[in-house]
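Nothing in this text is a laboratory measurement; each read-out follows from the coordinates by a stated rule. The model shown is predicted, which means the values in this text are computed figures rather than measured ones. Here Cβ is always computed from backbone atoms with ideal geometry, including for glycine, and neighbour counts include all displayed protein chains.
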């Protein structure tokens, strides 16, 4: 059995594109991910996407969420505090309702649920970078954003999982939602209370018998097994990937596994995924979704300012801090695209959704640094 030459050529071209455009965007102080997507858009003009490449790039989806889980911590989740929980909880609720509300007239009830869910996650890596430049990361606002992001991650992924699972089953009903919530709860309990101890024991055994490098191999095998288990339980595979990463974050092997996996993921599978996203954006349909895409992006941005800002006010912070926190929670990045890829694979939405979500990511990423600097008004710590 041999690998198709065309597949080898595709992978080579996609990796080269990811590296070149990622470098270009990094040079202009924009996220590398956006460069990889833009490169994919251009590459897709001459090299149409294939199912084989898409299947390989889906590994990048799982590894992306696995790394996100590893970067989090169950202890940090428990210690998020009143402000972090309030900001994340109210922020997710308001974002979902506003996203659903703007999508409903254009897309109907079921797809509006998905679009609402796609507004819920937040990616604060850009915000952290700006706050570090302003020397404001270790402020009340900075600490609240960091803790809220941890809670936001898991809430957003759970909301997306519930919606995708419900729609994938053919419709939304109270019994179906209750069953999915029960499965999510069981999976969460398993990952929080059972898996960390089991994996710590197994990883220690692997090291003790002299196969230290195999800790990464065992982690990868377990990652795909739990992703499959999540699918088998009618949940999204990325919920399994994220929660398994969260479970491994509680072991003493968290740092070496993260570092080794990050190299594998970001040098191969994750770039393939983001370039594949760009290649699958239907440029010919841009005009037909243009108005909705723009309206959806504006509402998605406002939803985090309003929802997270309200959460900060409920937690007892003043209006100035609430505004700063709301702005800091605006950016979106990889989780939405990962969930969108799953929804597309399940046939829940069409490729037009890529255009909508990519525009939201671009606008939220471009607008956040200037808004964040404006809300701090040039203050220096």
What is the range 57-376's relative contact order, in percent, from Cα pairs under 8 angstrom and six or more apart in sequence?
32
What is the range 134-192 by shape, rounded, prolate or oblate, if you read a ≥ b ≥ c off the alpha carbon gyration tensor as root eigenvalues and call it rounded for a/c under 1.5, prolate for a/b larger than b/c, and oblate otherwise?
prolate
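Of 224, 211, 187, how do they rank once you tally other Cβ atoms within 10 Å and put the fewest first?
On the way: 224 17, 211 12, 187 22.
In order of increasing Cβ crowding within 10 Å: 211, 224, 187.
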Can you compute the helix-only [θ] at 222 nm over the chain? Use -39500 (n - 2.57) per DSSP H run of at least 4 residues, normalise by all residues, nearest 500 deg cm²/dmol.
-26000 deg cm²/dmol
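By per-residue mean of other Cβ atoms within 10 Å, what is the highest-first order of 120-126, 99-105, 319-325, 369-375? Mind showing how you got there, number by number?
Details: 120-126: 23.9, 99-105: 18.7, 319-325: 20.6, 369-375: 16.9.
Going by the mean number of other Cβ atoms within 10 Å, highest first, we get 120-126, 319-325, 99-105, 369-375.
Give the relative contact order (percent, whole number) for the range 93-201; include only Cα pairs under 8 Å separated by 6+ residues. Each step should come with its number before you reach the end.
Values: 76 pairs, mean separation 23.5, N = 109.
That works out to 22 percent.
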Could you let me know the centre-to-centre spacing of the range 205-221 and the range 109-165, using Cα atoms, in angstrom?
33
Express the Stokes-Einstein translational diffusion coefficient of the range 2-54 in µm² s⁻¹, to the nearest whole number, given a Kirkwood radius over alpha-carbon pairs, 25 °C and a viscosity of 0.890 mPa s.
213
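Could you order peptides 201-209, 337-345, 135-143 by the average number of other Cβ atoms within 10 Å of their residues, highest first? Could you put the intermediate results ahead of the total?
On the way: 201-209: 14.0, 337-345: 22.0, 135-143: 17.3.
In descending order of packing, they fall as 337-345, 135-143, 201-209.
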Distance from the range 299-345 to the range 16-37 (C-alpha centre basis), Å:
24
